[in-house]
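The values are calculated or read from the model by the stated rules, or taken from the named source; none is laboratory data. All values derive from a computational prediction rather than experimental measurement. With ideal geometry, Cβ positions are generated from the backbone for all residues, glycine too; neighbour counts draw on all protein chains shown. Protein only, heavy atoms only, side chains kept; ligands, DNA and RNA dropped before computing areas. Shrake-Rupley method; radii C 1.70, N 1.55, O 1.52, S 1.80 Å.
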Amino acid sequence: MIIHVSRFGLFCLTNMELVPQQKKGGTVSNIREIAKKANVGIATVSRYINNTGYVSEQTAKKIDKVIKELDYTPNALAKAIFSKKNKTIGLMVPNVANPFFSQLANEIEMLASINNYTILLCNTNDDPQKELDYLQVFKEHRVAGIIVSRTLCPKEYLGIRVPVVTFENPISDQYVNVSSDNYLGGQKAFRVLYNNGARRLLHIRGANPFLAVADRYNGFMDEAKKHNLKPDVLQFDTDFSVEMLNDTRHQIVDINKYDGVFVFNDIMASLIIRDIHKSQCRIPEDIQVVGYDNSYICELLSPALSTLDQKVHEIAENLINALFSEIKGQKCVSHHILVEPSVVERMTTDKEKT
Ligand code: XLF
């Protein structure tokens, strides 16, 4: 911001002046040029563009005409800085290669656009340094609020000036956190397999820093204990990445030892289904599989995947509503929003078995 002192007192020039616009002919037009051509003051043009004060109808028409002639588009960022009203939300997800997170981003984007907000979408790849870099980008873009999924550096958000809401890994009790009731989901996953006759169970668990998968694991194991069962556990140290499709290290040996597998999310379950097919076992006759998410791939897999529905729309709605409340300066009543997951039985579990 440039501050000018004139004999009329103090006045500010908008940052728009600093961000010239590309003109059709390759040169640039800026607010100064508009003012000159319209034969009015720079402050008047600024008032008109930013809608921050009175401009006579006649002057407005003159400015409008010049704006059209010069093909001038106000720079959104400069406008946001000046008016302190940015309509951009920073959204971080681990990776949109995971269909659950692409659906979550899609839902959030739709709800935001209904409210005339745009989304700045970033993949953290569960890398804390990348997350920090993007947080810096959000600050530089003066976003109105931030939604961060599965943060790996919660302390970095403490005390930042814009509202922040989280999905899964929380920041602190002071910040709204939304997640599926993952413990309950783990319990429900056990019951589906158990009620369909599976007893030789395997749980494929996600990486430690993902709190959601720890809850799913605990729910599943606690419920198994109640039935005097102790499932085997195999832990992955990352979430899905496209490279894994060609990486045989993740293949499970001895899958035929089991008759029921609960996998921590749908995309990993699809890899496991591929392994099971390779091992010549039949799904669900020899081995039943349950995933978590209810992402769109469940219907595309063969056989279609039974899973726990996280209710992505409800999660997105809760995140956006909480963020908008905070942007408006209203405090949210609840800071821990748990969405109840429900079982969706498709073709990888076998009701006929019981
Ligand atoms: O963090 C968990 C693990 O993977 C997240 O909700 C997901 O289920 C998405 O696929």
Completion exercise
Rounded to the nearest 10 degrees, the helix 99-114 long axis (Cα) sits at an angle to the longest Cα principal axis of the chain of 30 degrees
Practice task
Report, for the chain, the % of DSSP beta bridges that are antiparallel, rounded to 5.
Solution key: 20 percent
Fill in the blank from the handout: Measuring from the longest principal axis of the C-alpha atoms of the chain, the long axis of helix 57-70 (C-alpha) lies at a number of degrees, nearest 10, equal to 60 degrees
Handout entry: Portion, in percent, of the accessible area of the chain that falls on carbon or sulfur, probe 1.4 Å
Key = 51 percent
Practice task
State the Cα centre-to-centre distance between the stretch 119-148 and the stretch 227-302 in whole Å.
Solution key: 32 Å
Practice task
Determine which aspartates and glutamates satisfy two conditions relative to K311: a Cα distance under 19 Å, and not lying fewer than 8 residues away in the same chain.
Solution key: E107, E109, E168, D181, D215, D266, D293, E299, E340, E345
Practice task
May I ask which of K130/K155; K87/K139; K278/K351; K257/K278; K36/K61 have a Cα-Cα span longer than 20 Å here?
Solution key: K278/K351
Exercise for the section: Would you mind getting the Kirkwood hydrodynamic radius of the stretch 125-258 from its Cα pairs, rounded to one decimal in Å? Expected result: 17.2 Å
Exercise for the section: Could you tell me how many degrees, from 0 to 90 and to the nearest 10, lie between the Cα long axis of helix 128-140 and the main elongation axis, the longest principal axis, of the Cα atoms of the chain? Expected result: 30 degrees
Problem - MRE, 222 nm, helices only [DSSP H, n ≥ 4, -39500 (n - 2.57), over the chain, to nearest 500] - result: -11500 deg cm²/dmol
Problem - Förster radius 25 Å - calculated FRET efficiency between N115 and H336, Cβ distance, rounded to 0.05 - result: 0.55
Practice task
At 1.4 Å probe size, with no ligands or nucleic acids counted, give the accessible surface of D222 in Å², nearest ten.
Solution key: 70 Å²
